[in-house]
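Report on the structure given below.
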Amino acid sequence: MNAAPPALRLIDISKSFGPVHANRDVSLSIDKGTIHGIVGENGAGKSTLMKILHGSYRADRGSVEINGTTVNFGSSADAISAGIGMVHQHFMLIPTLSVLDNLLVGDERGFFVKAGREDMRARLAERSKRYGLKVDPDALVGDLPVGLQQRVEILKALKGDTSILILDEPTAVLTPQETEQLFEILRNLRDSGVTIILVTHKLEEIMAVTEEVSVMRQGELVAQRHTHETTPEELAELMVGRKVLLRAEMGEASRGDAALKVHHLGLVTPTGGEELSGITFEVRAGEILGIAGVAGNGQSELLEILGGMRAATSGTIEILGQSFDATHPPTPGELREIGLGHIPEDRHRFGLVLSFPAFENAPLGYLHKGYAGDSVFLDKARMRTHCKDLMDHHDVRPTLPDQITEGFSGGNQQKLVIAREMHERPKVLIIGQPTRGVDIGAIEFIHKDLIAHRDDGAAILLVSVELEEIFALSDRIMVMNDGKTVGIVDREDADRSLIGQMMAGIAPGARTNNGATAP
């Protein structure tokens with residue numbers, strides 16, 4: 001008796017973009033009804049491979065088999081028809097429509113919309129029950145918490161006869177509790193016969209929920225492991241090609257005086273919406289205060305105010321003894337003169353001019369320091385030398401000051417921004433999402449850099465949606481929810497359960513819905 005064919009088989013898949021080989025002879029087999037992880041650094045070829053599988057790209061060479069049958073996809077519609085669904089990292093939902101109407105988009109049936117809605121409602125009820133994806137079909141998507149929006153995305157991907165489901169970084173905006181709920185849903189899907197491909201950079205998630213994991217490096221598949229037979233350390237080494245320190249070593253903080261004080265900071269929009277309310281905290285020299293919270297709970301607005309990009313409507317800020325308030329908000333230039341460095345959350349919007357070569361980005365914000373020359377004319381030779389020094393010291397690759405910034409990988413763009421700010425050794429550093437879109441090797445480098453700067457006596461305010469990063473780097477942890485401070489806890493008193501509850505808006509010691517007391 002012949003064994004059943006695998007749910008998915010990729011055979012010698014190759015794809016190039018000009019001189020860049022995104023995939024090189026990738027062969028991969030995934031059994032039906034399993035959760036298979038795919039990991040790799042930025043540029044390892046994971047996304048290209050998934051786009052080939054989902055019909056967005058055509059392979060230059062190689063073939064794809066679904067349940068033993070060779071398929072050729074000319075579009076994503078072809079892949080969907082063949083039973084392949086995909087949940088993208090960034091939600092593709094219409095917030096002003098209901099759950100039901102979001103699922104109906106692209107499936108309206110022309111003039112028979114009413115019949116289509118009734119059929120979709122029935123299918124939604126059936127799939128919700130079968131897979132444990134309970135959600136109100138009539139709720140507005142924009143009113144749903146992030147975890148339920150994630151469920152809607154999964155239901156969208158499952159609305160056909162989906163047998164293979166691809167998830168790209170699915171936990172990026174979820175609390176720990178929502179992540180565990182997602183994993184339970186994935187296990188239910190697996191047990192129902194759906195084959196799941198999980199693309200993530202979080203190795204602890206690979207270990208928690210997958211049966212097998214494939215590792216890609218420089219466009220090639222370099223290893224495939226049964227998850228229970230490997231470790232995060234081995235996977236990291238396979239990804240990077242060398243041993244990687246997954247958690248940077250961090251000694252006790254040697255705290256000095258408060259370098260940054262924020263008191264009752266508030267922000268109200270012109271239409272009366274309250275984005276921040278009563279934010280109060282301080283950061284001392286020689287410590288890192290990490291701010292945890294699901295994205296969209298006021299962290300971005302706080303960083304913009306502290307970076308001089310936006311004015312608060314109430315409250316005071318004191319930086320290295322100099323005070324600012326709503327009547328005298330700081331400017332970015334003033335803050336740099338005082339000794340504040342700012343690594344923004346969005347490097348593309350606020351940190352770099354992507355169309356400039358790297359050497360023109362390197363001195364931005366610090367032209368008064370003479371890095372671009374001492375006259376009204378730019379000294380490009382000096383700018384190139386300055387950029388080369390930054391690149392060498394912060395491992396920016398390739399070390400090409402004349403390369404257009406857009407041509408660097410996301411991780412190297414980030415290292416260029418960090419190099420520019422850290423070079424000035426700011427006494428106060430505010431940094432948002434330092435390793436967003438950054439591979440594991442660059443994460444190691446950035447974390448070591450931040451800890452070294454803290455040990456030199458800098459006061460660092462760190463905002464990150466990566467809870468592991470918050471735990472790895474923070475001396476104290478402040479949690480924000482709905483534009484307010486839920487609480488601040490010391491590093492030794494924090495655990496995932498406590499911080500997860502705080503991220504959901506439950507203050508330490510408060511009563512939860514089931515009557516229990518939060519830690």
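Per the listing GLU249, GLU304, the residue uniquely outside any loop (DSSP other than H, G, I, E, B), among the charged types (D, E, K, R) and within 28 Å of THR175 (Cα to Cα) is GLU304.
Does any residue of region 310-331 turn out to be of a type outside the set (D, E, K, R), under 26 Å from the mean Cα position of the chain (by Cα) and open to solvent by 30 Å² or more (accessible area, probe 1.4 Å)? For region 310-331, residues of a type outside the set (D, E, K, R), under 26 Å from the mean Cα position of the chain (by Cα) and open to solvent by 30 Å² or more (accessible area, probe 1.4 Å): absent. For region 261-292, residues that are without any contact (Cβ under 8 Å) to a residue 60 or more places away in the chain, within 12 Å of SER314 (Cα to Cα) and open to solvent by 50 Å² or more (accessible area, probe 1.4 Å) total 3. Against the criterion of being more than 30 Å from ILE288 (Cα to Cα), open to solvent by less than 60 Å² (accessible area, probe 1.4 Å), at pLDDT 90 or above and over 20 Å from the mean Cα position of the chain (by Cα), ARG225 does not qualify. Taken over region 42-68, the residue count meeting the criterion of being in a strand (DSSP E or B), touching a residue at least 60 places away in the same chain (Cβ under 8 Å) and either in contact with a Lys or Arg (Cβ under 7 Å, 6 or more places away or on another chain) or surrounded by fewer than 20 Cβ atoms within 10 Å (Cβ to Cβ) (or both) is 1. For THR96, are the conditions met, namely being open to solvent by less than 30 Å² (accessible area, probe 1.4 Å) and hydroxyl-bearing (Ser, Thr, Tyr)? Here the answer is no, as THR96 does not meet what is asked.
One residue stands out among those in region 10-33 that are open to solvent by 30 Å² or more (accessible area, probe 1.4 Å) and outside any strand (DSSP E or B): the one that is farthest from ARG242 (Cα to Cα), which is LYS32. Of the strands (runs of 3 or more DSSP E) contained entirely in region 310-359, those carrying at least 1 residues that are touching a Gly at 6+ places or on another chain (Cβ under 6 Å) and more than 30 Å from ASP395 (Cα to Cα) fall at 314-319.
In region 102-110 there is at least one residue that is part of a loop (DSSP other than H, G, I, E, B), modelled with pLDDT under 85 and either surrounded by fewer than 12 Cβ atoms within 10 Å (Cβ to Cβ) or among the aromatic types (Phe, Trp, Tyr) (or both). Condition check for THR399 on (1) surrounded by fewer than 15 Cβ atoms within 10 Å (Cβ to Cβ); (2) modelled with pLDDT of 95 or more: one failure, at (2). Please tell me if ALA248 is at negative phi, at pLDDT below 95, surrounded by fewer than 20 Cβ atoms within 10 Å (Cβ to Cβ) and in contact with a helix residue (DSSP H, G or I) (Cβ under 7 Å, 6 or more places away or on another chain). For ALA248, the condition - at negative phi, at pLDDT below 95, surrounded by fewer than 20 Cβ atoms within 10 Å (Cβ to Cβ) and in contact with a helix residue (DSSP H, G or I) (Cβ under 7 Å, 6 or more places away or on another chain) - is met. Taken over region 127-166, residues that are without any contact (Cβ under 8 Å) to a residue 40 or more places away in the chain and either outside any helix (DSSP H, G or I) or within 24 Å of PRO6 (Cβ to Cβ) (or both) amount to 5. Among the candidates ALA258, ALA295, the residue that is at pLDDT 95 or above and either under 18 Å from ILE317 (Cα atoms) or surrounded by fewer than 17 Cβ atoms within 10 Å (Cβ to Cβ) (or both) is uniquely ALA258. Cβ-Cβ below 9 Å, separation at least six or inter-chain, first residue in region 485-501 and closer than 15 Å to GLU180 by Cα, second among the polar types (S, T, N, Q) and open to solvent by 50 Å² or more (accessible area, probe 1.4 Å): which pairs? Close Cβ pairs satisfying both conditions: SER497/GLN177; GLY500/GLN177; GLN501/GLN177. Just need a number here: residues in region 162-213 that are among the polar types (S, T, N, Q) and at pLDDT below 85. Selection size over region 162-213: 4.
Every residue, every condition in (1) over 15 Å from VAL479 (Cα atoms); (2) in a loop (DSSP other than H, G, I, E, B), yes or no:
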position	(1), (2)
GLY266	yes, no
GLY272	yes, yes
PHE281	no, no
ILE288	no, no
ASN297	no, yes
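When region 167-204 is filtered for residues that are outside any helix (DSSP H, G or I), open to solvent by less than 20 Å² (accessible area, probe 1.4 Å) and over 16 Å from ILE30 (Cβ atoms), the ones remaining, listed by number, are PRO170, THR171, LEU174, THR175.
The values are calculated or read from the model by the stated rules, or taken from the named source; none is laboratory data. None of the values given here were measured: they were computed from a predicted structure. In this analysis, Cβ positions are derived from the backbone assuming ideal geometry, glycine residues included, and neighbour counts consider all displayed protein chains. The accessibility values were calculated without ligands, DNA or RNA, using every heavy atom of the protein model including side chains. Shrake-Rupley method; radii C 1.70, N 1.55, O 1.52, S 1.80 Å.
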